[in-house]
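Below you'll find the structure, written out as structure tokens, and then a few comments.
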Amino acid sequence: MKIDIHTHLLPENLPDWKSEFGYGGFIRLEHHKPCCARMMRDDGKFFREVEENLWSGAARVKDMEQTGVAKQVLSTVPVMFNYWAKPKDGLNSSRFLNDHLAEVVAQNPDRFYGLGTLPLQDTDMACAELVRCVKELGMQGVQIGSHVEDMNLSDERLFPVFAEAEKLEAAIFVHPWDMMGEARMTKYWLPWLVGMPAEVSLAISSMIFGGVFERLPKLRVAFAHGGGAFPFTLGRIEHGFEARPDLCAVDNPHPPSHYVGKFFVDSLVHDGRALKYILDLFGPDCICLGTDYPFPLGEAEPGKLIEDSRLALSQPVKDKLLYGTALKWLGLESN
């Protein structure tokens, strides 16, 4: 069995939020030929070409049957977070996306789990929508960005959302977005190649240094893209903590290594050596299959890297990576 925790979904048709809210910056879909669309910013700037498997549950199930994936965990495309929007408008767009995602799950409950999105620019609204996602829409948790405008995930304004998630026993999936230094990375697709791993490391480090895991030990958080740059720079991060506690240990007294094994990452690292390293670092109980379906930087054959015979992983380890740890992170299995 394979459970893919990192997949993205959009409605086939998006509202004209620019007209509804009175200002721009939102994404719309331009269906220019059958089964295909362009994701466009409402200023006319092209964002991404997509196909019907981004919005069609039936197309997804067909792909899943071909690749042996039993279940996908659905979450919105990160560009749809809309954290920059006015809070009420962010809530309205979140509710629209969440209602659609829940409908897709309800149509295929044996195939899909759902993660909602939240208007994190307003803590009270975000907490209320988190409760609705879990208690009314039946979702397993939410997806959030690696930061929220000027707030890193260590920001105290976000802590009530994490506390509510722990209370609800809701899973959190952290995905990079709005990459740091993007203005200096206009060529070679570098925001996706360099910025995304850095953003994930920023998110993990912020939650560790900010004491989120210390104060909320039962919180179940998974980070996309194998933890990004964090696993491979942990030595530097740890050394910095020890060398300059006056700068690093101001909100949490424990070193970063204390929290390794207390959060989850997906397996999307594209390289067998990298997978072996994060396995040594985090252990199989903290790594879940993730592919970034249906986008080109994802793993086209889900689980291929895990099942690669050259890695010589035991079957129990493969089982954890392919589905067991995902169930644990989703709160659907105790072990």
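Which residue, of Asn13, Asn82, is polar (S, T, N, Q) and under 21 Å from the mean Cα position of the chain (by Cα)?
Of Asn13, Asn82, the one residue that is polar (S, T, N, Q) and under 21 Å from the mean Cα position of the chain (by Cα) is Asn82.
Got a number for residues in the stretch 215-238 being in contact with a Phe, Trp or Tyr (Cβ under 8 Å, 6 or more places away or on another chain), assigned to a helix (DSSP H, G or I) and over 20 Å from Ser267 (Cα atoms)?
2
So is Met139 touching a residue at least 12 places away in the same chain (Cβ under 8 Å) and not polar (S, T, N, Q) or not?
yes
Among all residue pairs at least 6 apart or on different chains, which show Cβ distances below 7 Å where the first residue, located in the stretch 191-220, is under 18 Å from Gly181 (Cα atoms) and the second is surrounded by fewer than 21 Cβ atoms within 10 Å (Cβ to Cβ) and of a type in the set (S, T, N, Q)?
Pairs that qualify, where the first residue is under 18 Å from Gly181 (Cα atoms) and the partner is surrounded by fewer than 21 Cβ atoms within 10 Å (Cβ to Cβ) and of a type in the set (S, T, N, Q), are Ser201/Thr233; Leu202/Asn152; Ser206/Asn152; Ser206/Ser154.
Taking the stated definitions as given, is Lys45 out of contact with any Gly (no Cβ under 6 Å at 6 or more places or on another chain) and either surrounded by 15 or more Cβ atoms within 10 Å (Cβ to Cβ) or over 24 Å from Trp192 (Cβ atoms) (or both)?
No: the conditions fail for Lys45.
Residues are listed down the side, and each one gets a yes or a no for (1) assigned to a loop (DSSP other than H, G, I, E, B); (2) surrounded by fewer than 19 Cβ atoms within 10 Å (Cβ to Cβ); (3) touching a residue at least 40 places away in the same chain (Cβ under 8 Å); (4) among the acidic types (Asp, Glu):
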site: Val69; (1), (2), (3), (4): yes, no, yes, no
site: Val73; (1), (2), (3), (4): no, no, yes, no
site: Trp84; (1), (2), (3), (4): yes, yes, yes, no
site: Phe96; (1), (2), (3), (4): no, yes, yes, no
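When residues of the stretch 45-93 are filtered for being on the phi > 0 side of the Ramachandran plot and touching a Pro at 6+ places or on another chain (Cβ under 6 Å), how many remain?
Here the count works out to 0.
What number goes with the only condition from (1) of a type in the set (Asp, Glu); (2) modelled with pLDDT of 95 or more; (3) assigned to a loop (DSSP other than H, G, I, E, B) that Asp246 does not pass?
Here Asp246 clears every test but (3).
Give the residue that is modelled with the highest pLDDT, with candidates limited to residues of the stretch 24-34 that are in a loop (DSSP other than H, G, I, E, B) and surrounded by 12 or more Cβ atoms within 10 Å (Cβ to Cβ).
Only one residue tops the list, namely Phe26.
Quick one: how many residues across the stretch 268-280 are without any contact (Cβ under 8 Å) to a residue 60 or more places away in the chain, crowded, with 16+ Cβ neighbours inside 10 Å and either in contact with a Ser or Thr (Cβ under 8 Å, 6 or more places away or on another chain) or within 25 Å of Gly211 (Cα to Cα) (or both)?
The total comes to 3.
Would you confirm whether or not the stretch 69-81 contains a residue that is closer than 27 Å to Asp319 by Cβ and among the polar types (S, T, N, Q)?
Yes, some residue in the stretch 69-81 is closer than 27 Å to Asp319 by Cβ and among the polar types (S, T, N, Q).
Going by the structure shown, is Leu327 touching a strand residue (DSSP E or B) at 6+ places or on another chain (Cβ under 9 Å) and either under 19 Å from Phe232 (Cβ atoms) or touching a residue at least 60 places away in the same chain (Cβ under 8 Å) (or both)?
When the stated conditions are applied, Leu327 passes them.
Do the conditions hold for Ser56, that is, is it over 18 Å from Asn98 (Cβ atoms) and without any contact (Cβ under 8 Å) to a residue 12 or more places away in the chain?
In short, no.
Between Leu322, Leu305, which is under 22 Å from the mean Cα position of the chain (by Cα) and touching a residue at least 40 places away in the same chain (Cβ under 8 Å)?
Every option except Leu322 fails the conditions.
Is it fair to say Ala300 is of a type in the set (A, V, I, L, M, F, W, C), more than 14 Å from His6 (Cα to Cα) and either crowded, with 17+ Cβ neighbours inside 10 Å or over 14 Å from the mean Cα position of the chain (by Cα) (or both)?
no
The values are calculated or read from the model by the stated rules, or taken from the named source; none is laboratory data. Bear in mind that the values here come from a model prediction, so they are computed numbers and not experimental data. When we count neighbours, we look across all protein chains shown, and the Cβ atoms used for this are built from the backbone with ideal geometry, even at glycine.
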